[in-house]
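To start, the structure under review is shown below, and the notes come after it.
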Amino acid sequence: MAPPPSMAAASDRAGPGADPGAGDSSLRLRRPPSADAGDLPGDSSSGQRESGEPHPPPPNPQQQQQHEMLYFRASAPAHRRVKESPLSSDAIFRQSHAGLLNLCIVVLVAVNSRLIIENLMKYGLLIRAGFWFSARSLGDWPLLMCWINHSVNRSLTLPIFPLVAFMAEKLIRRKLIGEHVVILLHIIITTSVIVYPVVVILKCDSAVLSGFVLMFLASIMWMKLVSYAHTNYDIRVLSKSTEKGAAYGNYVDPENMKDPTINSLVYFLLAPTLCYQPTYPRTACIRKGWVIRQLVKCIVFTGLMGFIIEQYINPIVKNSKHPLKGNFLNAIERVLKLSVPTLYVWLCMFYCFFHLWLNILAEILCFGDREFYKDWWNAKTVEEYWRMWNMPVHKWIIRHIYFPCMRKGLPRGVAILISFLVSAVFHEICVAVPCHIFKFWAFFGIMFQIPLVFLTRYLQDKFKNIMVGNMIFWFFFSILGQPIFVLLYYHDVMNRQAQASR
């Protein structure tokens, strides 16, 4: 850091060994070590002199106070260089906003505390189980019937399908059946693993939650079995090509070219992943105390979700009308009022499932790759959000849908469309089947993401501002998207139940 011209001249006259306090009075403008590093001309943010020499060690507090007394004289310049205000557009992103974040947290706590007190004074404590479980839920839960037995055919259970898929792979490995036959068998197996739960749910008068859990597990099983069949098929293709002399370099891992075993299949079905491979990265041990702490957190946040739904969401939707049939302003008011509790529930769900539960499962199974999500909350576009918020599904789609479409010669836009189409179909199945209604709200909601992908990408490229796409994502996803679909499905379910009771 170079001194001001007057100080440099005085230093030359005084000599290197002169007393800093003697000689020309301009030496009194010498910068104390505690002063702002950006006050003098030529200062740099690196904390070093312009010549590259480091600053001398700071003096003791008494010397520092003496230097400050000399530095901040009336004759010393108070304005030394051009500076921007901290909140100006050129400087706002270079500042720390920790204090404003703390303010937002304090305001959030205060506002929500008021809402909790107001809600309890207005409605009292609203906790009931009827919304989640029917009167016969413990006896006719589709989840238990599909996983344990079924009154029509006691031998047909959901875990049978992976065993049949394993037997098909063993038959093709021993060359007892042809490639076309094993492909047909896998198509039948994967189709049955989805159709069977749908039939059970539609035939049974079950609660919405039990049906949703069953369809959620059936969808996971379907994706796992598709990955199991596709990966083993690709291993066979690579093995044949390698035998013929084809070279794939580092793209082929010998550890993941092994024949399927029952142990690898069982581990894959239990592991927190949707992509099959014969071996996975493993950790050395299980942290039992850590697992217990995560389980306690999972129970607490699950209870918090139930409390928010019963205490806040249910009264709001009960006092609302169908958003497409009632008054427009009333619908907007209900959507905005519903946006906060639905956002809380969604964030609790994400934390419970993607962070707590999947990490608990990974710890118990010593599963090493625990990148179940990325920092999706910082997504600049809708496309980035879908790539980061659910890594198991994203990896599955990339591996088994997107790049297979690209390898078949389809354009990138068509591959993206097919990927969203598959996602939209399964979102619709997981919601519509338990609710016993097929209005395609979830399907259209997912497909509506495609124009949002291009819109946020265009805005990001045009304005080069990470805040624009991020705000659009939060607005459409949290403020409008989720509350609207909650209202749509709630009123459709209530209308169906009212018609069924007549």
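With every protein chain left in place, what is the accessible area per residue of the stretch 384-502 in square angstrom, probe 1.4 Å?
On the way: 6190 Å² over 119 residues.
With all protein chains present, the stretch 384-502 gives 52 Å² per residue.
Quick one: which of Lys380/Lys464; Lys288/Lys374; Lys175/Lys258; Lys297/Lys337 span more than 20 angstrom between C-alpha atoms? Can you show the working numbers first?
Values: Lys380/Lys464 10 Å; Lys288/Lys374 26 Å; Lys175/Lys258 16 Å; Lys297/Lys337 28 Å.
Flagged as over cut-off: Lys288/Lys374; Lys297/Lys337.
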Seminar exercise, completed: The long-range amide H neighbours of Phe367, using H built 1.01 Å from N in the peptide plane and a cut-off of under 5 Å, are Thr283
Seminar exercise, completed: Quick calc: nm separation of the 7 Å Cα→Cβ label points for Leu176 and Asn112 -> 5.8
Exercise. Which distance in nm do the two modelled labels at Leu217 and Val414 give, with both placed 7 Å along the Cα-to-Cβ direction?
Worked result: 3.9
Exercise. For Arg287 and Phe448 in one chain, what is 0.36 nm times their gap in residues minus the Cα-Cα distance, to one decimal in nm?
Worked result: 53.7 nm
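Working out 0.36 nm times the residue gap between Leu304 and Leu202, then minus their Cα-Cα distance, what length gain in nm do you get to one decimal?
Answer, rounded to one decimal: 33.7 nm.
Using only alpha carbon pairs under 8 Å that are at least six residues apart, calculate the relative contact order of the stretch 380-492 and give it in whole percent.
Numbers: 79 pairs, mean separation 37.9, N = 113.
Relative CO of the stretch 380-492 lands at 34 percent.
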Seminar exercise, completed: The FRET efficiency for Met494 and Cys104, from their Cβ-Cβ distance with R0 = 25 Å and rounded to 0.05, is 0.10
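For Arg387 and Gln65, what is the calculated FRET efficiency with R₀ set at 60 Å and r taken between the beta-carbons, to the nearest 0.05? If you can, show how the numbers build up before the last one.
Numbers: r = 55 Å, r/R0 = 0.92.
After rounding, the FRET efficiency stands at 0.60.
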Seminar exercise, completed: In the stretch 382-491 the accessible area split gives carbon plus sulfur, as whole percent at 1.4 Å, a share of 76
Exercise. To the nearest Å, what is the center-to-center distance of the stretch 411-470 and the stretch 269-345, using C-alpha atoms only?
Worked result: 20
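The values are calculated or read from the model by the stated rules, or taken from the named source; none is laboratory data. Computed from a predicted model, the values in this text were never measured in an experiment. Note that we place each Cβ from the backbone using ideal geometry, even for glycine, and neighbour counts take in every protein chain shown. Remember, those area values only see protein heavy atoms, side chains included, never the ligands or the DNA or RNA. Shrake-Rupley method; radii C 1.70, N 1.55, O 1.52, S 1.80 Å.
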